[in-house]
Amino acid sequence: ALQRSVVRGEVQLAPQDDRLLDTVFDTDRFQGKESERIAAARELIRMVLPRPFAPGVHWIGADLGERGDPTEIIVSEQVGTQYRDVFRLKAKGLPYHIQRAIVHAIHELTGFRAFWGVDLGSAGTAVVKDLQTLDEYRAGNYDAQMFGFHFQNTVPCIDADGNELTQEDSDGETEVIKAPAKHWATQCIVSTLQARRYAMAFDSEVIDQM
């Protein structure tokens, strides 16, 4: 099942699961000390995720947006060789200091064990830097748990075991295969779906984008 929350302006939540919650969360609560922002984010997220994620390995993708550009966060749970989306958050109009507190609150519910991949646009670059450098977020171990990607750049292609894929160049030398990050990520998602190793919740917006 997918627990989905839509966050905008005065944060409105509408999770879709076995229950429905419609409420308002005042973003003024995020003003002040960083510790107060973290506490407010924790309360906000636990309105739709009252319990920690199940123990195990979680992979989280985040595309953090500007005020006019939405933020998307998807949490996938790995069970054996299968991946299953278990949570999606869509946020609009939130400044960086609120986004980093929300990221931290989600990470906390994985026991700070999840691995994050973040698009290093303007918002992503700022939020990742803050999470990796501010003392208040040290518990998240973001230096080791969070990785940034420039999706317009090329990246080494790897297999499911993390081994680099290689080929012979025109001189007969072995070289690592590289591809644009966005293209390669899409290829990996599609091939994993086709192999029935990725369970995507029925979410018409996500399906349309795929």
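Structure notes:
- Any hit, the stretch 69-84, residues being in a helix (DSSP H, G or I), of a type outside the set (Phe, Trp, Tyr) and in contact with an Asp or Glu (Cβ under 9 Å, 6 or more places away or on another chain): no
- Looking across 124, 148, 117, one residue alone is within 26 Å of residue 49 (Cβ to Cβ) and in contact with a Ser or Thr (Cβ under 8 Å, 6 or more places away or on another chain). It is 148.
- Contact annotation: residue pairs with Cβ atoms under 7 Å, 6 or more positions apart or on different chains, pairing a residue in the stretch 103-131 that is more than 23 Å from residue 68 (Cβ to Cβ) with a partner that is part of a helix (DSSP H, G or I) and open to solvent by 40 Å² or more (accessible area, probe 1.4 Å), are 105/42; 108/42; 112/139.
- Hits in the stretch 51-70 - residues which are of a type in the set (A, V, I, L, M), surrounded by fewer than 18 Cβ atoms within 10 Å (Cβ to Cβ) and modelled with pLDDT of 90 or more: 57
- Taken over the stretch 124-145, residues that are crowded, with 16+ Cβ neighbours inside 10 Å and in contact with a Lys or Arg (Cβ under 9 Å, 6 or more places away or on another chain) amount to 8.
- In the stretch 170-207, the residue that is least open to solvent (accessible area, probe 1.4 Å) out of those that are closer than 24 Å to residue 78 by Cα and among the acidic types (Asp, Glu) is 203.
- None of 106, 74, 45 is farther than 28 Å from residue 193 by Cα, open to solvent by less than 70 Å² (accessible area, probe 1.4 Å) and either under 13 Å from the mean Cα position of the chain (by Cα) or among the β-branched types (Val, Ile, Thr) (or both) except 45.
- Subset of the stretch 146-155 (residues that are of a type outside the set (Val, Ile, Thr) and open to solvent by 60 Å² or more (accessible area, probe 1.4 Å)): 147, 149, 150, 151, 152, 153
The values are calculated or read from the model by the stated rules, or taken from the named source; none is laboratory data. This one's a predicted model, so the numbers in the text were calculated from it and none came from an experiment. Every residue, glycine among them, receives a Cβ derived from its backbone with ideal geometry; neighbour counts consider all protein chains shown. Calculation scope for accessible area: heavy atoms of the full protein, side chains included, ligands and nucleic acids excluded. Shrake-Rupley method; radii C 1.70, N 1.55, O 1.52, S 1.80 Å.
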